[in-house]
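Asks: Provided herewith is a single structure, encoded as structure tokens, for subsequent inquiry.
The values are calculated or read from the model by the stated rules, or taken from the named source; none is laboratory data. Keep in mind that what you see is a predicted model, and the values were worked out from it rather than measured. Because the Cβ atoms are built from the backbone with ideal geometry, glycine has one as well, and the counts that use them run over all protein chains shown. The protein model used for the area step is the full one, side chains on, heavy atoms only, and it has no ligands, DNA or RNA in it. Shrake-Rupley method; radii C 1.70, N 1.55, O 1.52, S 1.80 Å.
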Amino acid sequence: MRGIYRDWMVSMLKRMVNRPETISYTNALLWGVAWLIISTIGGWHLSLAPSGVVDYDVVGYMPLTHHLLLNCVVWICLASVVYLFMLMLNKKAKFMDSYARLLFAHWPVTLMLLPLFVVGKIDYSLFVNDFMRLLRSDALVALLMALFSVLIVVWTLYWSYIVFRRGVGRGGWITWCSFIVGYYLASRFCIWVLDTVYQGLLVG
């Protein structure tokens, strides 16, 4: 009986770990959009908005539509740059399939909204903008938030790599290095576009 339970747990773990690859395109898109909406509503309610690919920052009040725009910007910027790197390694990489699965693989980042309920807006803002100051004032909170953030980032990166590997059609160190470079450039591009959009929203 114990062996059956262990096999079931291992099977469940493997399915969860490889979910972005095994899920159907339609379900990936539907679940991805669902989490995009949750992230938008949650960020609007908590006054948190994306400041990059895998992080949020405390902001003043913004309309719900602005939060939706910013979350869509993150998705499109990330998926576009990563997809370009897919095409460099495989010209037959599917456009819609890759975008949908990258959106699904990005949903763990939504969990970055949760620490606000525990630490409050001041410590959350310090963690994002002045980590050393938070570390001096409350080392335990700083370290716990850092550990939580690392876990979310690793989770998101691994799922995104699975999608990248699927789009390319093979693994190996070339695929891994290409993904890392592509994801890094996507994060830089995303920050630049978000800054531009924020300035436009402020002017508007």
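Asks: What are the residues in the range 145-159 that are within 18 Å of C177 (Cβ to Cβ) and open to solvent by 80 Å² or more (accessible area, probe 1.4 Å), if any?
Replies: Across the range 145-159, the qualifying residues are V154, Y158.
Asks: Still on this structure, please answer the following. Find all pairs meeting these conditions: Cβ atoms under 6 angstrom apart; at least six residues apart or on different chains; first residue within the range 64-82 and buried (at least 19 other Cβ atoms within 10 Å of the Cβ); second residue part of a helix (DSSP H, G or I) and hydroxyl-bearing (S, T, Y).
Replies: H67/T40; N71/S39; N71/T40; A79/Y99
Conditions (1) under 25 Å from I174 (Cβ atoms); (2) in contact with a helix residue (DSSP H, G or I) (Cβ under 8 Å, 6 or more places away or on another chain), marked per residue:
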| position | (1), (2) |
| --- | --- |
| S80 | yes, yes |
| M88 | yes, yes |
| S98 | yes, yes |
| A105 | yes, yes |
| T110 | no, yes |
| G120 | no, no |
| F131 | no, yes |
| L135 | no, yes |
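Asks: Within the range 78-97, can you find the residues that are closer than 19 Å to A34 by Cα and within 14 Å of the chain's Cα centre (by Cα)?
Replies: L78, A79 - these are the residues of the range 78-97 that are closer than 19 Å to A34 by Cα and within 14 Å of the chain's Cα centre (by Cα).
Asks: Condition first: open to solvent by 40 Å² or more (accessible area, probe 1.4 Å), part of a helix (DSSP H, G or I) and over 16 Å from V59 (Cα atoms). Now tell me which residues in the range 112-139 satisfy that.
Replies: Of everything in the range 112-139, those that are open to solvent by 40 Å² or more (accessible area, probe 1.4 Å), part of a helix (DSSP H, G or I) and over 16 Å from V59 (Cα atoms) turn out to be V118, F131, M132, R133, L135, R136, S137, A139.
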